[in-house]
Structure formats: structure tokens, C-alpha cells
Amino acid sequence: MFKRHITDSYLFAKAAARGIPLSPSFVASEVFPYNPSLKHWFPSNLIPTKEVVTKRFVFDSTTLAFLKTKPVSSNSKQTPLPLYGPTRVEVITALVWKAAAKAASAVKPFGPQSPHVLLSLVDIRKRASPPLPNESIGNLCVKAIGKCYPNKQPDLSTLLGEIRESKAAINSDHVESLKGAKGHKALDEMNNLLNGMEEGRCLFATSLLNSGIYETDFGWGKPIWHYYMNPGSPGVVALTDVLTGGGVEAIVSLSREEMKIFERDPEILCYTTLNPSSLQFFN
């Protein structure tokens, strides 16, 4: 959702500057009709009741190259996993999820069957059959649902497999199930899942990587740094590019109690730099 806002802004700014005619597509409103009876997607039980802290954790390109050598494993037989190595998005999301789940469990222990849930936003334009035009107007993203159980202390490879499986499940059949009245039922089921969650038991993940914003001239020059502004929601990680060097910023929002534990996690300390100056990436 957030990436599409950035990408759409980039494309429209580029088109306006170069005089390129715009041809937006509104077909999505026919495929996925609006239903005013649907509840708001963010349930009240996940609205923060504690102070939310946001910090930047930067992964440099050397660290990312090492992390991308990690294997992807899974015990599930339902969804065959692609065999390629983990992407930047997958490996950073898995590492942040692992540390966030441990922090949440330390603040309030999980039961043996209590999951920590990862919700990853997935663009469905290319996953539909036939694919929807890239110029389709609309919030054409759905949430891939991954689960881990902190009591079982899952390793990074297992979490990578869970992330990949959850996204692989967003296929053409899944997109078909979201159309018309069927889609309204699917969204209700998602709301029911979230309504059963406790605060601190869920992490929302989104990626703004490759959005093209650093190539956009807004009239005063191209930006040297951009930032994802969280409106105050806990349990959120947003990934953004750094200007040079191939690094990635993970902008993480957690409750103050969880953040104190998260930022001291050994893997977070090993693989990231906390809140570096953005000017160091500008040559």
C-alpha cells in the first residue's frame, strides 16, 4: 500500500515533468467492487495503548550479501517454495520479525500455541489472472499471513520459509477468491483473525525498495534521503533504500518496552547500525 503511494507519486511526477500522457486504469473498481459495510481494516484491539518508539536500523550492502546466503527452509508440504536465495526484503523482514517476536515474548510471554503473526503487504496486480494493468488505480494490496511460535525459538531459515510460503499463497486462485462477494467474505475473515490478536502479537511489514523516489526531481532537486513516517502504530517495519551503496533502512516501530529489548538483540546489534546520520550516504 505504502509503496504504491510512493511509486504512483514518482510516475506522475516524472510524467508531468516530461509531458508524458497519463493513462490510468480504473478496471479494479469493477473487479473488486466497494462494499461500505466492511469494517475498518485496523481493529481497535491493535490500536496502541502504550507509547510507540520508532528507530532506524541500517543494513549495509556487505551485510546484506552475507545474509542472502542463508538457506530458506520449511516443513510445509502445501506450497512448493521457489529455490532461489532470499531477497533483501525477505532476509531483513525475517531478521526483524525474529527479534520483534522475541521482544514481544519477553514483555509478555506467549503460550505454547500462541503465534506471533507477520502481515506482509503484497501487490496483486501481477498475481491476478489475467494480470491487472500496472497503471490500475486502487489499493490493490493484500496481506500475506505468516506465523511463528516464539516458544519454539524459530531460526532465520524457518522464518524465511514462512515468509516465502505466505507470499506464494497469494496466487491467481487467491486473487480470484477476493472478487465480488467472495472477497467481502475473505476480508471479514481477515478482520476476525486480527480481532483475535493482542497488542504486541503482530508485525506489519511493507517495502518501499526500488520505488524510484531518488530519481524524482520535485522541482528543488532530487532527494538525498526519504523517510517512512509511521502515524503511531506499533509493530511496524518499513524498508527503504539508502541513496548510495546498496544499503537498506529498516524503520521499526514498537512499544517502548519492546524496543528496549529489540535494539539489544544480538543479531540486530551484529547486522545493523542504529540511527546513523543520513548525510553519510550522500556523496
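Can K222 be described as charged (D, E, K, R), at pLDDT 80 or above and surrounded by fewer than 18 Cβ atoms within 10 Å (Cβ to Cβ)? In short, yes. Filtered by the rule that a residue be in contact with a strand residue (DSSP E or B) (Cβ under 7 Å, 6 or more places away or on another chain), closer than 27 Å to A106 by Cβ and either in a helix (DSSP H, G or I) or of a type in the set (D, E) (or both), the range 146-175 gives P150, L159, E162, I163, S166.
Tell me yes or no: at least one residue of the range 263-271 is under 21 Å from L208 (Cβ atoms), modelled with pLDDT of 95 or more and either in contact with a Cys (Cβ under 7 Å, 6 or more places away or on another chain) or not small (G, A, S) (or both). Checked against the condition, which is being under 21 Å from L208 (Cβ atoms), modelled with pLDDT of 95 or more and either in contact with a Cys (Cβ under 7 Å, 6 or more places away or on another chain) or not small (G, A, S) (or both), the range 263-271 yields at least one hit. Suppose we keep only residues that are touching a residue at least 60 places away in the same chain (Cβ under 8 Å) and touching a Cys at 6+ places or on another chain (Cβ under 8 Å) within the range 144-159. Which one would you say is farthest from V122 (Cα to Cα)? Ranking the candidates gives T158 first.
Would you check if there is a residue in the range 77-84 being under 21 Å from Y34 (Cα atoms) and not in a helix (DSSP H, G or I)? Looking for residues that are under 21 Å from Y34 (Cα atoms) and not in a helix (DSSP H, G or I), one finds none in the range 77-84, hence no.
On the stretch given as the range 160-189, residues that are in contact with a helix residue (DSSP H, G or I) (Cβ under 7 Å, 6 or more places away or on another chain) and without any contact (Cβ under 8 Å) to a residue 40 or more places away in the chain total 2. Within the range 129-161, the set of residues being of a type outside the set (A, V, I, L, M), under 24 Å from Q113 (Cβ atoms) and within 14 Å of the chain's Cα centre (by Cα) comprises K143, G146. Here the range 241-283 is the region considered, the condition is being surrounded by fewer than 21 Cβ atoms within 10 Å (Cβ to Cβ) and of a type in the set (S, T, N, Q), and the residue that is farthest from A99 (Cα to Cα) is N283. S114 meets the conditions (1) assigned to a strand (DSSP E or B); (2) surrounded by fewer than 20 Cβ atoms within 10 Å (Cβ to Cβ) in every case but one. The failed one is (1). Being farther than 24 Å from T240 by Cβ, among the β-branched types (V, I, T) and either crowded, with 17+ Cβ neighbours inside 10 Å or in contact (Cβ under 8 Å) with a residue 24 or more places away in the chain (or both) is true of V107.
Could you tell me which numbered condition P130 fails, if it satisfies all but one of (1) within 27 Å of R88 (Cβ to Cβ); (2) assigned to a loop (DSSP other than H, G, I, E, B)? Failing condition for P130: (1).
Could we say that S129 is among the polar types (S, T, N, Q), surrounded by 14 or more Cβ atoms within 10 Å (Cβ to Cβ) and touching a residue at least 12 places away in the same chain (Cβ under 8 Å) here? No; evaluated as a whole, the condition is false for this residue.
All conditions in (1) of a type outside the set (D, E, K, R); (2) farther than 20 Å from S29 by Cα; (3) touching a Ser or Thr at 6+ places or on another chain (Cβ under 6 Å) hold for P109, with the sole exception of (3).
Here is a list: S114, S120. Which entry is modelled with pLDDT under 90 and of a type in the set (S, T, Y)? Lay out the reasoning, then the answer.
Working: S120 fails: modelled with pLDDT under 90.
One residue alone meets the criteria, S114.
The values are calculated or read from the model by the stated rules, or taken from the named source; none is laboratory data. Fair warning: this is a prediction, and the values are worked out from it, not measured in the lab. Every residue, glycine as well, gets a Cβ built from its backbone with ideal geometry; the counts of neighbours run over all protein chains shown.
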